[in-house]
1. Kindly establish whether Ser366 is farther than 17 Å from Cys316 by Cβ, open to solvent by less than 50 Å² (accessible area, probe 1.4 Å), in contact with a Cys (Cβ under 7 Å, 6 or more places away or on another chain) and within 16 Å of the ligand (Cβ to nearest atom).
2. Can you work out which of the residues in segment 111-130 that are open to solvent by 10 Å² or more (accessible area, probe 1.4 Å) and under 15 Å from the mean Cα position of the chain (by Cα) is farthest from Ile85 (Cα to Cα)?
3. Considering only segment 347-354, I want to know if a residue exists there that is within 23 Å of Leu267 (Cα to Cα), surrounded by 23 or more Cβ atoms within 10 Å (Cβ to Cβ) and in contact (Cβ under 8 Å) with a residue 60 or more places away in the chain.
4. Kindly indicate which of Thr191, Thr180, Thr169, Thr173 is within 16 Å of the ligand (Cβ to nearest atom), hydroxyl-bearing (Ser, Thr, Tyr) and in a strand (DSSP E or B).
5. Within segment 83-90, is there a residue that is among the small types (Gly, Ala, Ser), touching a Ser or Thr at 6+ places or on another chain (Cβ under 7 Å) and open to solvent by 20 Å² or more (accessible area, probe 1.4 Å)?
6. Give me the pairs, please: first residue somewhere in segment 133-151 and not assigned by TED's automatic domain parsing to the domain that holds Gly350, second residue anywhere and modelled with pLDDT under 95 and more than 12 Å from the ligand (Cβ to nearest atom), beta-carbon distance under 7 Å, and either six or more positions apart or on two chains.
7. Would a scan of segment 155-164 turn up a residue that is away from the ligand (no atom under 14 Å from the Cβ) and within 21 Å of Asp297 (Cβ to Cβ)?
8. Within segment 1-55, count every residue that is part of a loop (DSSP other than H, G, I, E, B), without any contact (Cβ under 8 Å) to a residue 60 or more places away in the chain and more than 13 Å from the ligand (Cβ to nearest atom).
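The values are calculated or read from the model by the stated rules, or taken from the named source; none is laboratory data. Owing to the predicted nature of the structure, the values given are computational and were not obtained by experimental measurement. Heads up, the Cβs are rebuilt from the backbone with ideal geometry, glycines too, and the neighbour counts pull from every protein chain shown. Remember, those area values only see protein heavy atoms, side chains included, never the ligands or the DNA or RNA. Shrake-Rupley method; radii C 1.70, N 1.55, O 1.52, S 1.80 Å.
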Amino acid sequence: MNNIKSWGRVPNAPQSGHSPHWRADIGRVSNDVIAQHETTLAYGSGRSYGDSCLAASGHVICMRGMDRVIHFDPETGRLTVESGITLNEILQIIVPQGWFLSVTPGTQFVTVGGAIANDVHGKNHHVKGTFGCHTLRFGLLRSAEEQITCSPTENEILYNATIGGLGLTGIITWVEFQLTPIQSAQINTKTIRFNCLNDFFLLSNELDRQHEYSVAWIDCVAKGDQIGRGVFFVGDHAEYGDKTLGTAKKTNVPLTAPFSLINNLSLHAFNTLYWHKHPKTLALGRSNYEPFFYPLDTLTNWNRIYGRNGFQQYQCVIPEVVASSAMHEILKCISQSGEGSFLAVLKRCGDIISPGLLSFPMPGISLALDFAQKKSVVDHVFPKLDHIVREAGGRLYPAKDAHMTASDFQAFFPNWEQLEALRAPHLNSLFWKRVTQ
Ligand SMILES: Cc1cc2nc3c(=O)[nH]c(=O)nc-3n(C[C@H](O)[C@H](O)[C@H](O)COP(=O)(O)OP(=O)(O)OC[C@H]3O[C@@H](n4cnc5c(N)ncnc54)[C@H](O)[C@@H]3O)c2cc1C
């Protein structure tokens, strides 16, 4: 397989893929790659935006063939799978049996290996923490000769380093993790639009305590008093209803546009319409889990709308005490730039500590939004945003990153040297090279 890229296609560094088909093949396949190219990296579904899923050597081990369920106990909700299976494939099996993922990111097309390596979080971070918090054990191939089991009590140091370890401590071969019981595939929802950033904080303070899932869409082009206006969504698993799988019709973006279809005009129009479409007062609703958790998954290959140059996502988290003022600064800076995306997400991260050494979330507020790849954004907007994040004591998310400087990374993640000491020497990514070497 050739021409493998990350989701944002920045940097443009196409990779060659080498695919094992059985767990027993992984060591041999990676040894062959290392013999020829010195280093490699596991690659899941490539849903990371920047260069953290790209090998420094340009040769990745494609894990998607490792998609088997090894064991499922429907009594306890403990699931053991190969690491290349996607969350979508898991949901097909577990939802009809009354179980759900304890933590899920905003797309169901990531692999379990990728979910651990970035220690992903979802709309329930304030209640359930990260994916790593529910990971019981996994197999780790440090080299063709060294396959170990890691858990909080077995090889604990490597267990902690691998959760959020960016694929650098070894190749995860299988994973056992804990699911959450559900009575229905339906989600009870509440939706309300709000007028400014201050109202986001008021709603978040009130509603996050009452609901498992919580997230807000932000109008990133709103100006003046309206900075930070948006729509707040909360939800909980319904206590009754059927356990049918998501059946949302998928539409494919068939081609990569020659240039980004997102511009200031289309963004203004979209955002204004979208904001007005939502209710002024709290509206109750009910939906299948799929549109609630994965609205973007209905448009397959949506990354193509950003054109051939690709795009970057900017995701930061700001500590609670300064979140209001720093977020205001960040949103003001973005709105003045006239750049940004329809998809801009604000959410509160809670204080549940992940076992992961380099886990991204911290108690505070996280903002994520996409920018079409442009010199003006990289040279002028990102440095201003980075400055605000740095001064506020926040950090950027490696899974989304293609621009963070080495000095910022090392300040944001002071444990990076411990990860470097535990890195399997034949594993390296373009991201790791950029921020550490
Ligand atoms: C639409 C969209 C929404 C998203 N929403 C969220 C969100 O809400 N929260 C969040 O946290 N993230 C989110 N993400 C990011 C995504 O969840 C992470 O980047 C995730 O790690 C991608 O998993 P993947 O299987 O595609 O792995 P890849 O992107 O292919 O790889 C990611 C990392 O995992 C490593 N890796 C993969 N497989 C293995 C393995 N078997 N062994 C060891 N290392 C491995 C790779 O080396 C790399 O370091 C979103 C991404 C998209 C596109």
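1. Details: farther than 17 Å from Cys316 by Cβ: no; open to solvent by less than 50 Å² (accessible area, probe 1.4 Å): yes; in contact with a Cys (Cβ under 7 Å, 6 or more places away or on another chain): yes; within 16 Å of the ligand (Cβ to nearest atom): yes.
It is false that Ser366 is farther than 17 Å from Cys316 by Cβ, open to solvent by less than 50 Å² (accessible area, probe 1.4 Å), in contact with a Cys (Cβ under 7 Å, 6 or more places away or on another chain) and within 16 Å of the ligand (Cβ to nearest atom).
2. Filtering segment 111-130 for residues open to solvent by 10 Å² or more (accessible area, probe 1.4 Å) gives 113-114, 117-118, 120-121, 123, 126-128.
Narrowing the set further to residues that are under 15 Å from the mean Cα position of the chain (by Cα) leaves 113-114, 117-118, 120-121, 123.
On the way: Gly113: 8, Gly114: 10, Ala117: 14, Asn118: 16, Val120: 16, His121: 18, Lys123: 22 Å.
By that ranking, first place goes to Lys123.
3. Pass one, segment 347-354, residues within 23 Å of Leu267 (Cα to Cα): 347.
Next, from what is left, pick out any that are surrounded by 23 or more Cβ atoms within 10 Å (Cβ to Cβ): 347.
Those left that are additionally in contact (Cβ under 8 Å) with a residue 60 or more places away in the chain: 347.
Yes; the residues of segment 347-354 include at least one that is within 23 Å of Leu267 (Cα to Cα), surrounded by 23 or more Cβ atoms within 10 Å (Cβ to Cβ) and in contact (Cβ under 8 Å) with a residue 60 or more places away in the chain.
4. Numbers: Thr191 fails: within 16 Å of the ligand (Cβ to nearest atom); Thr180 fails: within 16 Å of the ligand (Cβ to nearest atom); Thr169 fails: in a strand (DSSP E or B).
Checking each option against the conditions leaves just Thr173.
5. no
6. Gly139/Gln147; Leu141/Gln147
7. Here is the first cut: in segment 155-164, the ones away from the ligand (no atom under 14 Å from the Cβ) are 155-157, 160.
Then keep just the ones that are within 21 Å of Asp297 (Cβ to Cβ); that gives none.
No; the residues of segment 155-164 include none that is away from the ligand (no atom under 14 Å from the Cβ) and within 21 Å of Asp297 (Cβ to Cβ).
8. 5
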